[in-house]
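The values are calculated or read from the model by the stated rules, or taken from the named source; none is laboratory data. Being a predicted model, the structure only gives us computed values, none of them experimental. Heads up, the Cβs are rebuilt from the backbone with ideal geometry, glycines too, and the neighbour counts pull from every protein chain shown.
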Amino acid sequence: MASLFTFLPIILLALICLRLLANWRKLSKAPGPTFAGCSDLWRAYQQCKGRLREKILDLHAQHGPIVRYGVKSISISDPEIIAIVYGSRAGFVTADSYKVLVGIQNGKEVPSLVSTADETRHGALRRSVANAFTPTAVLDYEKWIDATIEELLITVSKKKTFDLSSMTLWYTMDAAGRFAFGEPLGCLQVEGDVGDSIQLVRDRFNHWGWWSSLPQLEKLLYRNPISIRQSRTPSRMAAKALAKLKERTGESKDNTGYTDLLQRFLEASKDHPQLDTPGIIGMLMSTISGAGDTTASTVVAVIFNLMKNPESLKKLEDELLQANLPAIPEFAQVSKLPYLNAVVKEGMRLFTVSTWPMERLVPAGGVTIVGMFFPEGTTVGCLPLAVHHNSKVFGEDAHIYRPERWLTSDREQLRQMEAAHMGFSRGRRNCMGQNIAVLQMKKVIPALLMKFKLSLSDPEASLEADYSPAVAYLKPLYVTSQPKR
Ligand code: HEM
């Protein structure tokens, strides 16, 4: 008996070691840290520390286009992955890391557009609202963007120094409230979060980021029969959206005059039964959540790069001056400005919101990418920033800010760069709101730069972000502003 107790820990340790070794052997041909191949605790730790993205970039720099960062997780930085995994070929469903984002309502799991792994459901949901996001449809929301830019300009004009990251986030959240259901959240007015709307969105992205590596453990802790039944109060944002929906469906008069997503979704609900009340509210919440930090960080990244590169800023200012624009330009006036287009593309190339690869599961039969075979069940994906650093596509200076690459490259290289730009992802699950995002960015950036001379309060400041959530959040970036006109 005594000998069994003596040997039990040794036996347990040996079993654990065998399990770790078996894990490692599964994809041992792919280079990466040994411990990452043995246990997902490695990637979980790096993600929680906000370092996984940096580690994956370093691994690519060291080992090339294929690296391993988890037991079943492979990051590929060669653009070849884009057509194979994210393209139209069916079968590459979202990996388990998306499951931890699935919401819980009344004791049941309710997957959203982003978190559903069911491709049929995803396709049907996307088709049901697709008309609300086309390049033409989003022009309907321009007036909401204009109203929010006007408020932003007034707020900034009262400041000499301010945190550009927070200011831009208040702007994008208010704009999202307006184009989603016709009312701002009120963040710019109070210069802060209203009703914890921003915090609640971030709580979800934090949860997604922190648990993405350990979905089974997340399920055990948060989706067990006891936790799943805990009542959850709807957010202030959801309550507001619901009130708006009830107001409109209860109206006896013709209510077709509204031009926002809610109205579009209500119209679509006539042909799409999945757009019932919870379906519409869910879509509105997904949209607002997807629109806030993403657009804000990208706008700040574009302006940051311009402040750091005065020649680029001067070129853009000259272009805007020549275009003879009003204080808040119309999208039609700015959508095709070449230098503006180049600084937005380049800003998005060097700052991407995804903090780990957008993971997909290899279907039955396996797949060969960049000459390596991956069996069914492997998680493959690309970290947009890693692809954007690919020198074969973006040139030897891929790590450097140079908007001119979008203007002077030959046709073939430009085609390759466009195809490898993953800022909005690609394929069936690409960013649904990208037309709105581009419309906003191409209006708000000129509006700010035409009215104010913005400079970094600390000229040495770098663009810092928390990379532990699923979507990177920028840390405060203080700027000094002087009115121009
Ligand atoms: C510059 C700003 C933005 C960036 C960089 C961005 C980036 C992305 C990326 C990379 C994805 C794919 C995520 C994944 O597969 O894991 C995505 C999906 C999505 N985005 Fe955006 N986004 C931006 C703005 C917006 C805006 C303004 C909206 C809404 C108006 C929006 C709504 C969505 C939605 C609903 C999805 C999920 C699509 C699906 O799963 O089918 N995004 N976005």
Among (1) surrounded by 14 or more Cβ atoms within 10 Å (Cβ to Cβ); (2) on the phi < 0 side of the Ramachandran plot, which single condition is Gly395 missing? (2)
Suppose the filter is farther than 24 Å from Leu164 by Cβ and touching a helix residue (DSSP H, G or I) at 6+ places or on another chain (Cβ under 6 Å); does Met441 pass it? no
Test for Gly91: is it assigned to a loop (DSSP other than H, G, I, E, B), surrounded by fewer than 24 Cβ atoms within 10 Å (Cβ to Cβ) and at pLDDT below 95: yes
How about segment 171-226: which of its residues are of a type in the set (Phe, Trp, Tyr) and within 20 Å of Gly103 (Cα to Cα)? Phe205, Trp208, Trp210, Trp211, Tyr222
Determine if segment 199-211 includes at least one residue that is under 23 Å from Val114 (Cβ atoms), small (Gly, Ala, Ser), at pLDDT 90 or above and within 16 Å of the ligand (Cβ to nearest atom). yes
Looking only at segment 87-107, filter to residues that are more than 14 Å from the ligand (Cβ to nearest atom) and without any contact (Cβ under 8 Å) to a residue 24 or more places away in the chain; which one of those is nearest to Thr277 (Cα to Cα)? Asn106
Per the list (1) in a helix (DSSP H, G or I); (2) over 20 Å from Met285 (Cα atoms), residue check on Trp208 breaks on (2)
Any residue in segment 416-436 that is among the β-branched types (Val, Ile, Thr) and within 22 Å of Ala470 (Cα to Cα)? yes
